[in-house]
1. Could you please give the count of residues in region 363-387 that are crowded, with 20+ Cβ neighbours inside 10 Å and under 27 Å from the mean Cα position of the chain (by Cα)?
2. Taking the residues in region 166-183 that are more than 13 Å from the chain's Cα centre (by Cα) and in a helix (DSSP H, G or I) as candidates, determine which candidate is farthest from residue 77 (Cα to Cα).
3. Name every residue in region 61-108 that is more than 28 Å from residue 167 (Cα to Cα) and either in contact with a strand residue (DSSP E or B) (Cβ under 9 Å, 6 or more places away or on another chain) or surrounded by 16 or more Cβ atoms within 10 Å (Cβ to Cβ) (or both), in order of residue number.
4. From the list 259, 266, which residue is in contact with a helix residue (DSSP H, G or I) (Cβ under 8 Å, 6 or more places away or on another chain) and exposed (fewer than 15 other Cβ atoms within 10 Å of the Cβ)?
5. Pick out the one residue from 220, 232, 194, 164 that is surrounded by fewer than 16 Cβ atoms within 10 Å (Cβ to Cβ) and touching a helix residue (DSSP H, G or I) at 6+ places or on another chain (Cβ under 6 Å).
6. Here are 459, 397: which of them is in contact with a strand residue (DSSP E or B) (Cβ under 8 Å, 6 or more places away or on another chain) and surrounded by fewer than 16 Cβ atoms within 10 Å (Cβ to Cβ)?
7. Which condition breaks for residue 353 when tested against (1) loosely packed, with under 14 Cβ neighbours inside 10 Å; (2) touching a residue at least 24 places away in the same chain (Cβ under 8 Å)?
8. Just checking, how many residues over region 265-282 are within 21 Å of the chain's Cα centre (by Cα) and within 25 Å of residue 371 (Cβ to Cβ)?
């Protein structure tokens, strides 16, 4: 903390001590807040002044002799107060003069309109509810751009509580996040899906290809893994007779941090019996287009300078076809690892250390293709090697019924026609175990209990996972996933 900030904090502590010496508690137990500011503004009637009781944070203060205009803000809005010594009382007014920007106060008074036409409250009583000991950043705005000390993203994310206090856009974005999550739930519930909860600590890391976080349960003396995906547990529930289930879930993957990845993130996964990946495509279209229409009144949105249309009828293109079209490499004719490495080199992708044809194909796709899918695009029919939990196509068992959804050049959803053959599933688990033993830290493990569940019968089913944080990025128009997570993981502050 700078010397200046230390001085300000010391001064404010002295103000607290003076209030205490007068018998005033600067942190009282409670205040009866009866009105939200937004409702006070909405209900204002010039001919019928309203007695109100509000509470919030002082955001501005303009002293004018024996009277002061200040603004107080709660979660719903901001309103001006007129505070005068003759109305509040001389002693109380002197106490009020010691209040600082950022202090939280409770206010009672009568609504009126000032000569300048601003709806305000004529303050009859005011009580300090919580002292702000540290000064708030001064936010300046010009041409729609905000300038303050929170231009330092590290500080902005590390002290999110201050960011929420001073930046309206931040607060609005996280309110939007809550509305979006609620909206997704509503769409699925109206379609008969049941929301469930599954374990976050797993004895086996499975359900996706990712490095897990590892922990230990002392009482049971067993190693556990933080959930990387809820998939296998949700499909156990479909075996048990829950034909439509979903979970809004927190997942944990021990991976790098960048603008699209945070080690702790939110997904929604859903599974529907007697459906397939094409049904999941239709559901994805409905979720995104319905949310856009409900949030903005249109399915066309702006994202980072691009116009994106979320109206139904999205493009669909095969995995191999997309790599051929956008990277110029045809994996339908590549038969050896050396041919694949040569193809990667020809389009500027380093693949010397890769150990399979399709892992090289996926690297080419990641570097050369996916960023080109700006408008919604379903990438379909993946090679089986890359999809250990998806059902093979009947016409070509080397490929599976799977899609990934791309919008704005990034993956937004992943879906399968679910593999329900226990013999096939066991073989694929065994192939993953071989990869793990060969050094692939993201390969999945053998889940014998899941195989047992499949032997009781999993009906034909479609399943889909949607990344909620990336969905929020799209709808609030931000390029960083950290702007959608209230407290993203950061390096320890030294």
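1. Looking only at that region, the number is 9.
2. The residue in question is 183.
3. If the condition is that a residue be more than 28 Å from residue 167 (Cα to Cα) and either in contact with a strand residue (DSSP E or B) (Cβ under 9 Å, 6 or more places away or on another chain) or surrounded by 16 or more Cβ atoms within 10 Å (Cβ to Cβ) (or both), then 66, 67, 84, 85, 86, 87, 88, 89, 92, 93, 95 are the ones that fit.
4. Answer to the check: 259.
5. Result: 164 is the single residue among 220, 232, 194, 164 that is surrounded by fewer than 16 Cβ atoms within 10 Å (Cβ to Cβ) and touching a helix residue (DSSP H, G or I) at 6+ places or on another chain (Cβ under 6 Å).
6. Going through 459, 397 in turn, just one is in contact with a strand residue (DSSP E or B) (Cβ under 8 Å, 6 or more places away or on another chain) and surrounded by fewer than 16 Cβ atoms within 10 Å (Cβ to Cβ): 459.
7. Status for residue 353: all satisfied but (2).
8. Going through region 265-282 one residue at a time, the tally reaches 4.
The values are calculated or read from the model by the stated rules, or taken from the named source; none is laboratory data. Quick caveat, the model's predicted, so the values are computed rather than measured. All Cβ positions, glycine included, derive from the backbone under ideal geometry; neighbour counts span all protein chains shown.
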